[in-house]
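Q: Let me begin by handing over the structure; questions about it come next.
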Amino acid sequence: MYLSKLFVPITKDIPAEAKIKSHQLMLQTGMIKQSSAGIYSWLPLGFKVMKKIENIVREEQNFIGAQEMLMPTIQSAEIWKESGRYEDYGEEMLRIKDRQGREMLYGPTNEELITDVFRSSVKSYKSLPQILYHIQWKFRDEIRPRFGVMRCKEFFMKDAYSFDLTDEDAKKSYNKMFYSYLKTFNRMGLKAIPMAADTGPIGGDLSHEFVILAETGESQIYADKNIFQIDLNEYKFDEASLKKMRNDFTNIYAVTDEKFKKDNFDKFVKKENQMITRGIEVGHIFYFSDKYSEPMNCLIDDKNGKKTSVKMGSYGIGVSRLVGATIEANYNNNVMKWPKSISPFDVVILPSINKNNTENIDKAEKIYKELKKQNIDVLLDDVDENMSNKFKKHDLIGIPFQIIIGSKSKGDELEFKELNSKSEILSLDKIKSKLIT
Ligand code: P5A
């Protein structure tokens, strides 16, 4: 893609309500455009990053055997009345009537809808366990939408739902998801800490939030620094190993403010290991057993032919929030550097443009074609502006690698720069291999 053709409405006018750096940067680099309070259009640059995040989430869900499906955004109020949550959910739920006067709503989450799908399809323990998921827009009429895509009304969520015969089996599904979440965030270059948390309107008595550290986060967190010593690669994907993994994590103190007790913190965490900071919740998992299946009559036959309520959990990842959260975690000293796995482009070519001499731009186009042949997603900045402005602009766009076509690039030896590092002179072949690995 040539930058002159890409729809990136870069702007200097940042509205005063954009208080945190991710919100400012996303507006500045034309990743999003606010449509109304808490509702955004995703423009090509932002959309590309979100799709890459979505894809990592999908691959890791598929890896643990979860199956993708798609439920609608609009739901009938009936099923929410059955579960008893229609009134409980309060003002955050956007209630709508269709032309027949039927009560509908824009789904804030899908526990009821998936239970309805499941109860009409599965009758026997033989079909269990099952994990189903979808990646779909949600709507919550947040009282104070803020921080751009971090707390908005319309947001993109991956939500998965597990179905098991017994509480014991259900814990195995919970452990798989726990593992999958840590792997997912690692692949995005984020270190997420699982924390014991409150269950809020989803319910149940077992729940973990996955929080990444950021000063601008909404959650106050208290944790033992030793939690960062656990290496996920040491665990295999089998029941025993996953159980050990969850125990290892949950044996280390890490809680959000709702669960914080100073006495316990001081008792279980050495002073020098105590970490009190802020974080962003990027995922949240819940085990609520038969909270929905019981009132909604989602029954299955157990081994003795006895009807029993299926045991359920639900597991969410804030896919759109992760775009902002990754910026909060990576944007320092006016430089944003996207992790390679979710960068909007793999590399950008920056030719120094001279109207009277097309040598640099010709060379840039040749390299562009070469890289394209290797399936490298490359951006060519063909905009006619001076190099210092180009560098400033790309410090914000955040593509981690640059090929600079100016006086230092001679023949086949090219100036190659990784953001936040010094540039080096490399052959195109070396550059290709760096980009591909
Ligand atoms: C779990 C999946 C649930 O809704 N039901 C289905 C459960 N959990 S949750 O914690 O309420 O949300 C899951 C994740 O969605 C993101 N999120 C948001 N992102 C942007 N704006 C919002 N207003 C918003 N609310 C929730 C968070 O990442 C959360 O962990």
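The values are calculated or read from the model by the stated rules, or taken from the named source; none is laboratory data. Remember, it's a predicted structure, so these values are computed and weren't measured experimentally. Cβ: placed from backbone, ideal geometry, glycine included. Neighbour counts: every protein chain shown. Quick note on the areas: whole protein, heavy atoms, side chains included, nothing else; ligands and nucleic acids left out. Shrake-Rupley method; radii C 1.70, N 1.55, O 1.52, S 1.80 Å.
Q: Run the numbers on the range 182-324 and let me know its relative contact order in percent, using alpha-carbon pairs under 8 Å that are six or more apart.
A: Working: 241 pairs, mean separation 41.5, N = 143.
Normalised by residue count, the contact order of the range 182-324 is 29 percent.
Q: For the range 310-315, in order, what is each residue's ³J(HN,Hα) by Karplus, 6.51 cos²θ - 1.76 cosθ + 1.60 with θ = phi - 60°, in whole Hz (x at glycine and Pro)?
A: 5, 9, 10, x, 9, 9
Q: Could you order Lys176, Lys303 so the one with the most accessible surface comes first? Probe is 1.4 Å. It would help to have the intermediate numbers written out before the result.
A: On the way: Lys176 65, Lys303 145 Å².
In descending accessible area the options line up as Lys303, Lys176.
Q: Which listed residue (Tyr292, Gly316, Phe416) has the Cα farthest towards the positive end of the charge dipole for the range 285-420, taking +1 on Lys and Arg C-beta and -1 on Asp and Glu C-beta about the Cα centre?
A: Towards the positive end, the residue furthest out is Tyr292.
Q: On to the next question. What percent does the relative contact order of the chain come to when contacts are Cα pairs within less than 8 Å and at least six residues apart?
A: Numbers: 841 pairs, mean separation 72.5, N = 437.
Over the chain, the number comes to 17 percent.
Q: So which of Lys225/Lys417; Lys21/Lys243; Lys176/Lys291; Lys51/Lys271; Lys259/Lys303 end up more than 30 Å apart by C-alpha?
A: Numbers: Lys225/Lys417 34 Å; Lys21/Lys243 38 Å; Lys176/Lys291 21 Å; Lys51/Lys271 42 Å; Lys259/Lys303 39 Å.
Pairs exceeding 30 Å: Lys225/Lys417; Lys21/Lys243; Lys51/Lys271; Lys259/Lys303.
Q: Cross-link partners among aspartates and glutamates for Lys171, C-alpha distance below 19 Å, same-chain residues fewer than 8 apart left out?
A: Once the sequence-local aspartates and glutamates are set aside, what remains near Lys171 is Glu60, Glu111, Asp159, Asp198, Asp205, Glu209, Asp238, Glu239, Asp248, Asp290, Glu294, Asp302.
Q: Would you give the gap between the C-alpha center of the range 361-381 and the C-alpha center of the range 133-198, rounded to a whole Å?
A: 38
Q: Principal axis extents for the chain, Cα atoms only, whole Å, descending order, please.
A: Largest first, the chain extends 83, 60, 43 Å along its Cα principal axes.
Q: For the range 303-308, in order, what is each residue's ³J(HN,Hα) by Karplus, 6.51 cos²θ - 1.76 cosθ + 1.60 with θ = phi - 60°, in whole Hz (x at glycine and Pro)?
A: Running phi through 6.51 cos²θ - 1.76 cosθ + 1.60 with θ = phi - 60° gives 4, 9, x, 8, 6, 9 Hz.
Q: OK, next. Within the set of other residues whose C-beta is less than 13 Å from the C-beta of Gly305, count the net charge using Lys and Arg as +1 and Asp and Glu as -1.
A: Details: positive: Lys123, Lys126, Lys303, Lys306, Lys307; negative: Asp301, Asp302.
Result for the local shell: +3.
Q: Roughly how many percent of the accessible protein surface of the chain is carbon and sulfur, given a 1.4 Å probe and a whole-percent answer? Don't skip to the answer; put the middle values down first.
A: Values: 9860 of 20490 Å².
That share works out to 48 percent.
Q: Related question: Sort 385-391, 319-325 by packing, meaning the average of other beta carbons within 10 Å per residue, with the highest value first.
A: Working: 385-391: 12.3, 319-325: 26.4.
Highest to lowest by the protection proxy: 319-325, 385-391.
Q: Which whole-number value in Å² is the accessible area per residue of the range 277-422, probe 1.4 Å? Working shown, then result.
A: Values: 6210 Å² over 146 residues.
Counting only protein heavy atoms, the per-residue value for the range 277-422 is 43 Å².
Q: Quote the accessible area belonging to Trp137 in square angstrom, nearest 10, computed with a 1.4 Å probe and with ligands, DNA and RNA left uncounted.
A: Surface accessible to solvent at Trp137 totals approximately 70 Å².
Q: Using θ = phi - 60° and the Karplus curve 6.51 cos²θ - 1.76 cosθ + 1.60, what whole-Hz ³J(HN,Hα) does each residue of the range 206-215 get, with Gly and Pro shown as x?
A: So the J values, rounded to whole Hz, are 10, 7, 10, 9, 9, 10, 9, 6, 6, 4.
Q: Okay, moving on. For Tyr253, which sequence-distant residues (separation of 5 or more, or a different chain) have an amide H within less than 5 Å of its own amide H, given hydrogens modelled in the peptide plane?
A: Asp224
Q: Further question on the same structure: Excluding Lys337 itself, calculate the net charge of residues whose Cβ lies under 12 Å from the Cβ of Lys337, where each Lys or Arg counts +1 and each Asp or Glu counts -1. Each step should come with its number before you reach the end.
A: Details: positive: Lys340, Lys417; negative: Asp395, Glu418.
Residues close to Lys337 contribute a combined charge of 0.
Q: Helix 359-373 against the longest principal axis of the chain: what's the angle in degrees, Cα atoms only, rounded to the nearest 10?
A: 30
Q: Run the helix sum for the chain: -39,500 (n - 2.57) per DSSP H stretch of 4+ residues, divided by residue count, reported at 222 nm to the nearest 500 deg cm²/dmol.
A: Rounded to the nearest 500, it is -9500 deg cm²/dmol.
Q: Please work out how much accessible surface Leu206 shows to a 1.4 Å probe, ignoring ligands, DNA and RNA, in Å² rounded to 10.
A: Its accessible surface works out to 30 Å², give or take rounding.
Q: Next question, about the same structure. Once you keep just the Cα pairs under 8 angstrom separated by 6 or more residues, what percentage relative contact order results for the range 76-176? Could the numbers behind the result be given before it?
A: Values: 123 pairs, mean separation 24.5, N = 101.
Computed value for the range 76-176: 24 percent relative contact order.
Q: Determine how large the accessible area of Phe7 is when every protein chain is in place; take a 1.4 Å probe and give Å² rounded to the nearest 10.
A: About 130 Å², ignoring ligands and nucleic acids.
Q: Another one. Add +1 for every Lys or Arg and -1 for every Asp or Glu among the other residues with Cβ under 12 Å from the Cβ of Ala240, and state the total. Kindly include the intermediate steps, with their values, before the conclusion.
A: Values: positive: Lys172, Lys236, Lys243, Lys244, Arg246; negative: Asp238, Glu239.
My count for the surroundings of Ala240 gives +3.
Q: Taking the chain as a Gaussian network, where each spring joins two C-alpha atoms under 10 Å apart, which residue of Ile56, Ile96, Ile131 fluctuates the most?
A: Ile96
Q: Going through the cross-link list Lys153/Lys393; Lys363/Lys410; Lys191/Lys340, which pairs have a Cα-Cα distance over 18 Å in this structure?
A: Values: Lys153/Lys393 30 Å; Lys363/Lys410 10 Å; Lys191/Lys340 15 Å.
Where the Cα-Cα span goes over 18 Å, the pairs concerned are Lys153/Lys393.
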